[in-house]
Amino acid sequence: MRYLPLFADLEGRECLVNGGGENAARKLRLLLRAGARPTVVASAVNAEIRALARDGKVRVAQGADGAPDLSWRGLAAFALIVVADADSGTAKAYAAAARQANVPINVVDRPDLSTVVFPGIVDRDPILVAIGSAGAAPALVRRLREQIEALLPSRLGQLAQFAQRFRSAVAGTQPDSRRRRRFWESFFDGPVARLVLDGREHQATNAMLRLVNGETAPSSAGSVALVGVGPGDPDLLTLRALRAMQDADVVVYDRLIGDQILDYVRRDAERLYVGKARGNHAMSQEEINALLVARARAGHRVARLKGGDPFVFGRGGEEMAYLQAAGIAVEIIPGITAATGCAAAAGLPLTHRDYASGVTFVTGHMRDGAAEPDWAGLAATRHTLVIYMGVATADIIGERLVTHGMRPATPVAVIENGTRPEQIVARGTLATLGATVAERDIVGPALIVIGDAAALAKESVPGADAHTQAYA
Ligand SMILES: C[S@@+](CC[C@H](N)C(=O)[O-])C[C@H]1O[C@@H](n2cnc3c(N)ncnc32)[C@H](O)[C@@H]1O
């Protein structure tokens, strides 16, 4: 290990920053967040630093006038020295003097002259994550920082502060240190912590009081998150979906959830497949409901993964109602529904001032006695129609809409496996809808998009990059 990571307490301490440009301003922002009292030495400073000086947050010493003593004896007065914008000679002189004075120094982009380096920071004050590469790969540090940013809940700092408020109360009711540690471990995994992370502090405080007084166990209650995971491309997962997948003890998923998405599930989570495998029957909705309740009652955090959005043709409403009736805490995590994901991947605007004043999502599922949509109403709108689950009935859909007055030449796009590497976008017209599906051998999952805007879809074949193809 080339550097030892330490967190420096700079509250109220004098720091020196050499330079008045963007580099210096960036470091000043950090120093001020840490409560330091910076002095800037520069021949000229940018507008941001001038404003900080005007507000009395930094002292600017320009030229010889008012400049601090930059000999090593003078530098000893500072807790930290940052050389942000200096020529090599000046930087070396600072480095030598700082070493002699035994004051930590950071020279921007010169690890060879520095005794300390600034790490990449993920800031959920008071929780801080610092990442360093000892100068080996700053771009990799930036990438890691983005990934950690995405993973950590935005209210993590509030959670730490919440726990701090109860530290002495918990110490009073749990005097044994091992039991106290177990209490806190279960607390951070439990429903009260989740309330804080969801921004429901008032409820969390009441629940915490019950917990501290021993009226409930820290993590006895399980929960279910109905998680929309989008149409297939894992880049379209939301941060919240990702967190739920990383938090879950049990993950329940079905046929539309591909391996690329499952790769983001916590490795040691139990995975339960409830979809239809070739030759096997799918688990019935009643069996899935019962499974979710049983796992939650056993105290698990369950993530029920749903393709697209749970509330768009996803039976999310039914599952939510069933779970709530069983007294299970339910969280709904919205996802990018197939219509918006596939339309973007095909370069097809669902609404457009020239072609469509609205968009309507309809199910094409008409088997097993399901009621047919209001074809006359659909044919009469100037909406883009997006038909989910319509592949098997494509010919009927085309015929019904034409019978009810829609132009046979109305443009149609059929998008199979949208946003995935196997994506196919096939264009045709309403009159040829059934033939288009048959000729391109489309078996789903696929969307049928009908309306003048569908003419803007870019045809594509498997293996093409969905995003670049849409904009080529
Ligand atoms: C049971 S519905 C679920 C819809 C999902 N809840 C959503 O919001 O996208 C399944 C249908 O969604 C559509 N679908 C889902 N993913 C798709 C994809 N990647 N490409 C095309 N259509 C998709 C298909 O019409 C499929 O038959």
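The values are calculated or read from the model by the stated rules, or taken from the named source; none is laboratory data. From a predicted model like this one, the values you see are computed outputs, not experimental measurements. So basically every Cβ, Gly included, is an ideal-geometry build from the backbone, and we count neighbours across all protein chains shown.
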*Check Asp112 against each of (1) in the same structural domain as Arg26 (by TED's automatic domain parsing); (2) surrounded by fewer than 16 Cβ atoms within 10 Å (Cβ to Cβ); (3) over 19 Å from Lys27 (Cα atoms) and name the one condition it does not meet.*
(3)
*State whether the residues of region 274-287 include one that is closer than 23 Å to Phe187 by Cβ and either assigned by TED's automatic domain parsing to the domain that holds Gly199 or away from the ligand (no atom under 16 Å from the Cβ) (or both).*
no
*Does Ala371 count as aliphatic (A, V, I, L, M) and touching a helix residue (DSSP H, G or I) at 6+ places or on another chain (Cβ under 8 Å)?*
no
*So Ala298 fits all but one of (1) small (Gly, Ala, Ser); (2) farther than 30 Å from Pro421 by Cα; (3) crowded, with 22+ Cβ neighbours inside 10 Å; what number is the exception?*
(3)
*Quick one: in region 305-315, of everything that is on the phi > 0 side of the Ramachandran plot and in contact with a Ser or Thr (Cβ under 7 Å, 6 or more places away or on another chain), which residue is nearest to the ligand (Cβ to nearest atom)?*
Gly308
*asked:* As an exercise: evaluate Gly314 against (1) assigned by TED's automatic domain parsing to the domain that holds Asn289; (2) in a strand (DSSP E or B); (3) within 30 Å of Pro421 (Cβ to Cβ); (4) not hydrophobic (A, V, I, L, M, F, W, C) and give the number of the one condition it does not meet.
replied: (2)
*So is Ala277 surrounded by fewer than 17 Cβ atoms within 10 Å (Cβ to Cβ) and at pLDDT below 95 or not?*
yes
*Take the residues of region 26-51 that are farther than 19 Å from Leu80 by Cα and touching a residue at least 12 places away in the same chain (Cβ under 8 Å): which is surrounded by the most Cβ atoms within 10 Å (Cβ to Cβ)?*
Val45
*Working only within region 325-374, note down all residues that are among the β-branched types (Val, Ile, Thr), away from the ligand (no atom under 12 Å from the Cβ) and in a loop (DSSP other than H, G, I, E, B).*
Ile328, Thr351
_Within region 389-418, considering residues that are surrounded by 22 or more Cβ atoms within 10 Å (Cβ to Cβ), of a type outside the set (A, V, I, L, M) and outside any loop (DSSP other than H, G, I, E, B), the one farthest from the ligand (Cβ to nearest atom)_ = Gly398
*Out of region 121-143, which residues are within 18 Å of Leu6 (Cα to Cα) and in a loop (DSSP other than H, G, I, E, B)?*
Asp125, Pro126, Gly132, Ser133, Ala134, Gly135
_Suppose we keep only residues that are among the β-branched types (Val, Ile, Thr) and in a loop (DSSP other than H, G, I, E, B) within region 80-108. Which one would you say is nearest to Gly35 (Cα to Cα)?_
Val103
*Since Leu430 meets every condition but one in (1) in contact with a strand residue (DSSP E or B) (Cβ under 8 Å, 6 or more places away or on another chain); (2) within 16 Å of the ligand (Cβ to nearest atom), which condition does it not meet?*
(2)
*asked:* Whether any residue in region 251-266 is more than 16 Å from the ligand (Cβ to nearest atom), farther than 24 Å from Val362 by Cα and at pLDDT 95 or above is what I want to check.
replied: yes
_Failed criterion for Asp69 (all others in (1) modelled with pLDDT of 90 or more; (2) surrounded by fewer than 17 Cβ atoms within 10 Å (Cβ to Cβ) hold)_ = (1)
*Could you list, in sequence order, all residues of region 13-25 that are surrounded by 15 or more Cβ atoms within 10 Å (Cβ to Cβ) and either without any contact (Cβ under 8 Å) to a residue 60 or more places away in the chain or among the acidic types (Asp, Glu) (or both)?*
Glu14, Ala25
_Let me confirm something: among Asp69, Asp109, which residue is out of contact with any Gly (no Cβ under 8 Å at 6 or more places or on another chain), over 25 Å from Gly12 (Cβ atoms) and without any contact (Cβ under 8 Å) to a residue 24 or more places away in the chain?_
Asp109
*Yes or no: Glu318 over 25 Å from Pro462 (Cβ atoms), in contact (Cβ under 8 Å) with a residue 24 or more places away in the chain and more than 16 Å from the ligand (Cβ to nearest atom)?*
no
*Asp263 vs. criteria touching a residue at least 12 places away in the same chain (Cβ under 8 Å), buried (at least 16 other Cβ atoms within 10 Å of the Cβ) and either over 27 Å from Ser186 (Cβ atoms) or in contact with a Phe, Trp or Tyr (Cβ under 8 Å, 6 or more places away or on another chain) (or both)*: no
